[in-house]
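All remarks here apply to the structure that follows.
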Amino acid sequence: MQVTHPSSVLAGAVFPRRTAVTITLMVGFALLTALAAQIVIPLPFTPVPITGQTFAVLLAGAALGSWAGAGSQLVYVLLGGLGLPFFADGSSGWTVVTGATGGYLIGFIVAAWVVGALAERKQDRSIVSAIGAFFIGSAIIYGFGVTWLYASVGSITTWEAAFTAGVIPFLIGDGIKIALAGLLLPAAWKLVGAAHRSV
């Protein structure tokens, strides 16, 4: 069975729909997420740092579609878990995957799938719909992250504490990422449309 990114997403409009191309794009977005993870601002009051990862996750889903987008994040998590310095601040290993931030890592996979599914339905073509799709993706990451924090961190004993540690410090930064991604994808589609019309 041939596994390719769908034609209705940005990657399908730009690159040939071939298995080798899709795999290359998945690995590429896994590397992009790893690179974004090195943009780190530690916070003294929470085990979760501010990073650039969510921006890469949202782009992966929108650009590759549901399955390839989720696959890129699965590759990211697996390679980091196997020892490559892919997680925040160059960390790696299964202790990170199962540690305080593990819920966010799982959320990356799910969020990329959902954002990709929305992109396949052309929800990344306008600024309003793209921002809506990315907001949903970010909410999914928060949901997994906060649930994991509550369940795994002994010092976090209430949902309010989990929300305070796992959501509130990141709202402004993630809002900026959502806005940037929401501007970038529709602009990219316009460039692709203009290029196709000029051919």
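Please treat every number below as a calculation from the coordinates, not as lab data. This structure is a prediction, so every number in the text was calculated from the model and none was measured. Neighbour counts are summed over all protein chains in view; Cβ atoms, including those assigned to glycine, are modelled from backbone coordinates with ideal geometry.
Determine, yes or no, whether Trp67 is of a type in the set (Phe, Trp, Tyr) and more than 23 Å from Gly175 (Cβ to Cβ).
yes
Would you mention how many residues in the range 76-94 are in a helix (DSSP H, G or I) and either farther than 14 Å from Tyr104 by Cα or free of Cβ contacts under 8 Å to residues at least 40 places away in the same chain (or both)?
Of the residues in the range 76-94, 7 are in a helix (DSSP H, G or I) and either farther than 14 Å from Tyr104 by Cα or free of Cβ contacts under 8 Å to residues at least 40 places away in the same chain (or both).
Of these, Val146, Val192, Val128, which one is crowded, with 19+ Cβ neighbours inside 10 Å and either touching a His at 6+ places or on another chain (Cβ under 6 Å) or not aromatic (Phe, Trp, Tyr) (or both)? So that I can check it myself, show each step before the final result.
On the way: Val192 fails: crowded, with 19+ Cβ neighbours inside 10 Å; Val128 fails: crowded, with 19+ Cβ neighbours inside 10 Å.
Answer to the check: Val146.
Might you let me know whether the range 10-32 holds any residue that is closer than 22 Å to Gly143 by Cα, polar (S, T, N, Q) and assigned to a helix (DSSP H, G or I)?
Of all residues in the range 10-32, those closer than 22 Å to Gly143 by Cα come to 30.
Still in the list and also polar (S, T, N, Q): none.
There is no residue in the range 10-32 that is closer than 22 Å to Gly143 by Cα, polar (S, T, N, Q) and assigned to a helix (DSSP H, G or I).
So which pairs qualify, if the first residue must be in the range 64-75 and on the phi > 0 side of the Ramachandran plot, the second must be in a helix (DSSP H, G or I), the Cβ gap must be under 8 Å, and the two must be at least 6 apart or on different chains?
As it stands, the answer is Gly65/Ala11; Gly65/Gly12; Gly65/Gly116; Gly65/Ala117; Gly65/Ala119; Gly65/Glu120, since those pairs meet every condition given.
Can you name the number of the only condition in (1) farther than 17 Å from Val96 by Cα; (2) in a loop (DSSP other than H, G, I, E, B) that Pro47 fails?
(1)
Looking at Phe45, Phe55, can you tell me which residue is of a type in the set (Phe, Trp, Tyr) and either touching a Gly at 6+ places or on another chain (Cβ under 8 Å) or crowded, with 16+ Cβ neighbours inside 10 Å (or both)?
Going through Phe45, Phe55 in turn, just one is of a type in the set (Phe, Trp, Tyr) and either touching a Gly at 6+ places or on another chain (Cβ under 8 Å) or crowded, with 16+ Cβ neighbours inside 10 Å (or both): Phe55.
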